[in-house]
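**Student:** Please find one structure pasted underneath; my questions will follow.
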Amino acid sequence: MSAMIYPTSNFAEQDKLCIERAKGVYVYDSNNKQYLEGMSGLWCTALGYGNEELIAAITNQLHRLSFSHLFGGKSHSPGVALADKLAAMVPIEDARVFFGTSGSDANDTHYKILRYYFNAINKPQKRKIITRERAYHGVTVASGALTSLPVNNRHFDLPIDALNILRTDSPHYFSSHLQGESETQFVDRIVANLESLILHENPDTIAAMIIEPITGASGVIVPPDGYYKKVQTILRKYDILIWVDEVITGFGRTGNDFGCTTMGIKPDLMTFAKQLSSAYYPISAAVIPGYMHDAMVEQSSANGVFGHGYTYSGHPVGCAAALKTLEIFEREHIFEKAAEAGVYLRKQLEKFVDHPLVGEIRGKGLLMALELVPNKLKNTRFADGKVGAFAQRACQEHGLIVRAVAGNSIALCPPLIISHSQIDEIIQKLTKALDDTLIYTQKEKLL
Ligand code: PMP
């Protein structure tokens, strides 16, 4: 491990693992030990590793046109084809697509585009964005401020006040139920809090609310039934746009094409990255409705050059990788197969319902988590994230890569191509790792 890379080597509380190569759903370390990649890397390698068709698409594009950009009237065919393809897939009317290279930059793009748009239609006061507690939307200055996890903002002095970010409740019912609040009462309470926040701030000053349909990094939180319906009613009532961050939930991850389909959300704006290219090449997309685009274009003769974009916006190799990924998704019926695998995974995970450490099993499709708790019957949590970290390490020892998120929740997000026997393998390894973790918690007197 090089001491020159940070944070991997210097901020050292994590386990060291140097991954050398990969094929299908498996990765191999420098000692040639095999691991089942239960996290798709970082929620991204939808089609697994070493897909020859994707490698060929990328190589061919490198031979044909290794770089071109999308500024000043220039375009290139993979960029045009990808924008057309995405626009036809998303549930947004007359969709227009802006490309970047990461989920963070896609969210920053929307943050800025909302300002450009509301300035263009002469509503410059509409600039605040609502986000939720425990949300994760990236780490750049604006997306990092929309993220509500302390480690991502506290030490970086985020959010900067001028970013005008408002925070409302996380829709995680789990902590409430043992205190006697019903699911409906919980939803009604947090939706009422949202409405109070909007009224307190003045709806005319709020541009949008950003939503991960199901959260990832903050613990795979699936809001209770009815939550999104009520949230949307409130947002529509006050003319606040719905900005759906599909960076993790997009493209078959939750049992449907998009997380918003699974959760019944009608988006105005969407952001994508990760599975868009199955992580074979960095690419992101920020999608807006045609009417926003038209209003901005109308204003452009007064504004001059549109001053937003990255050198690698719509990199032709990234576009070629994404186009091929979407083609394979469609041709191989990957979303349908992943939905079916998701049903099987949940059924197998339900076997942990009686495990003394497992407090909640949650998720949709192939995006799942087990929350580890000291006492299933009482509303208690471990004081820190040591148990989750231990479980992650134990999984790794047994040849399974998972991710401890939000302290002690163990996330599972395997490639969409995972088979039933590979899911069985996840369960076998996880069983051993959870048993090791139980012994650890007993020895350390953490229960
Ligand atoms: N949004 C969500 C929901 C994410 O999970 C992530 C990354 N995990 C991002 C945005 C940021 O994406 P990136 O790391 O590519 O900047």
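The values are calculated or read from the model by the stated rules, or taken from the named source; none is laboratory data. Quantities reported herein were computed from a predicted structural model and do not represent experimental measurements. Cβ coordinates were reconstructed from backbone atoms using ideal geometry, including for glycine residues, and neighbour counts include every protein chain displayed.
**Student:** When you look at residue 61, is it away from the ligand (no atom under 16 Å from the Cβ), outside the structural domain of residue 278 (by TED's automatic domain parsing) and among the polar types (S, T, N, Q), yes or no?
**Tutor:** Taking the combined requirement at face value, the residue does not satisfy it.
**Student:** Which of the following residues is surrounded by fewer than 19 Cβ atoms within 10 Å (Cβ to Cβ), of a type in the set (Asp, Glu) and in contact with a strand residue (DSSP E or B) (Cβ under 7 Å, 6 or more places away or on another chain): 350, 332?
**Tutor:** Answer to the check: 350.
**Student:** How many residues are farther than 17 Å from residue 138 by Cα, part of a helix (DSSP H, G or I) and of a type outside the set (A, V, I, L, M, F, W, C) when one looks only at the range 150-208?
**Tutor:** The number of residues fulfilling the criteria is 17.
**Student:** Testing residue 104 on (1) within 16 Å of the ligand (Cβ to nearest atom); (2) assigned to a helix (DSSP H, G or I); (3) closer than 24 Å to residue 299 by Cβ, one condition comes back false. Which one is that?
**Tutor:** Residue 104 satisfies all of (1) within 16 Å of the ligand (Cβ to nearest atom); (2) assigned to a helix (DSSP H, G or I); (3) closer than 24 Å to residue 299 by Cβ except (3).
**Student:** Let me ask you something else. From the list 210, 214, which residue is within 17 Å of residue 98 (Cβ to Cβ) and β-branched (Val, Ile, Thr)?
**Tutor:** Among 210, 214, only 210 is within 17 Å of residue 98 (Cβ to Cβ) and β-branched (Val, Ile, Thr).
**Student:** Continuing with this model, one more query. Any residue at all in the range 249-262 that is away from the ligand (no atom under 13 Å from the Cβ), in a loop (DSSP other than H, G, I, E, B) and over 24 Å from residue 143 (Cβ atoms)?
**Tutor:** Scanning the range 249-262 turns up at least one residue that is away from the ligand (no atom under 13 Å from the Cβ), in a loop (DSSP other than H, G, I, E, B) and over 24 Å from residue 143 (Cβ atoms).
**Student:** Follow-up question, since we're still on this one. Do you know which residues across the range 42-52 are surrounded by 13 or more Cβ atoms within 10 Å (Cβ to Cβ) and in a helix (DSSP H, G or I)?
**Tutor:** 42, 43
**Student:** Checking the structure you have, find out if any residue of the range 290-306 is of a type in the set (A, V, I, L, M, F, W, C) and at positive phi.
**Tutor:** Going through the range 290-306, the residues of a type in the set (A, V, I, L, M, F, W, C) turn out to be 292, 295-297, 302, 305-306.
Subsequent filtering for residues that are at positive phi retains none.
The answer is no, given that none of the residues of the range 290-306 is of a type in the set (A, V, I, L, M, F, W, C) and at positive phi.
**Student:** Also: What pairs come out if I take residues in the range 26-42 that are touching a residue at least 40 places away in the same chain (Cβ under 8 Å) and pair them with residues that are charged (D, E, K, R) and in a helix (DSSP H, G or I) whose C-beta lies under 8 Å away, six or more apart or interchain?
**Tutor:** These pairs meet every condition: 36/425; 36/429; 42/274.
**Student:** Looking at the range 84-100, can you tell me whether even one residue there is buried (at least 16 other Cβ atoms within 10 Å of the Cβ), in a loop (DSSP other than H, G, I, E, B), small (Gly, Ala, Ser) and within 16 Å of the ligand (Cβ to nearest atom)?
**Tutor:** Within the range 84-100 (the criterion being buried (at least 16 other Cβ atoms within 10 Å of the Cβ), in a loop (DSSP other than H, G, I, E, B), small (Gly, Ala, Ser) and within 16 Å of the ligand (Cβ to nearest atom)), the answer is no, since none of the residues qualifies.
**Student:** For the range 277-296, what are the residues that are in contact (Cβ under 8 Å) with a residue 60 or more places away in the chain and either under 30 Å from residue 234 (Cα atoms) or within 13 Å of the chain's Cα centre (by Cα) (or both)?
**Tutor:** 284, 285, 286, 287, 288, 289, 290, 291, 292, 293, 295, 296
**Student:** Six or more apart or on different chains, Cβ under 9 Å: which pairs go from a residue in the range 138-167 that's of a type in the set (Phe, Trp, Tyr) to one that's assigned to a loop (DSSP other than H, G, I, E, B)? Could you list them?
**Tutor:** Pairs found: 156/139.
Here is a yes/no grid of residues against (1) buried (at least 17 other Cβ atoms within 10 Å of the Cβ); (2) in contact with a Phe, Trp or Tyr (Cβ under 6 Å, 6 or more places away or on another chain):
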{"residue": "298", "(1), (2)": "no, no"}
{"residue": "315", "(1), (2)": "yes, no"}
{"residue": "319", "(1), (2)": "yes, no"}
{"residue": "324", "(1), (2)": "yes, no"}
{"residue": "340", "(1), (2)": "no, no"}
{"residue": "360", "(1), (2)": "yes, yes"}
{"residue": "387", "(1), (2)": "yes, no"}
{"residue": "392", "(1), (2)": "yes, no"}
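**Student:** How many residues are within 15 Å of the ligand (Cβ to nearest atom) and touching a residue at least 40 places away in the same chain (Cβ under 8 Å) if we restrict to the range 211-248?
**Tutor:** Qualifying residue count for the region: 17.
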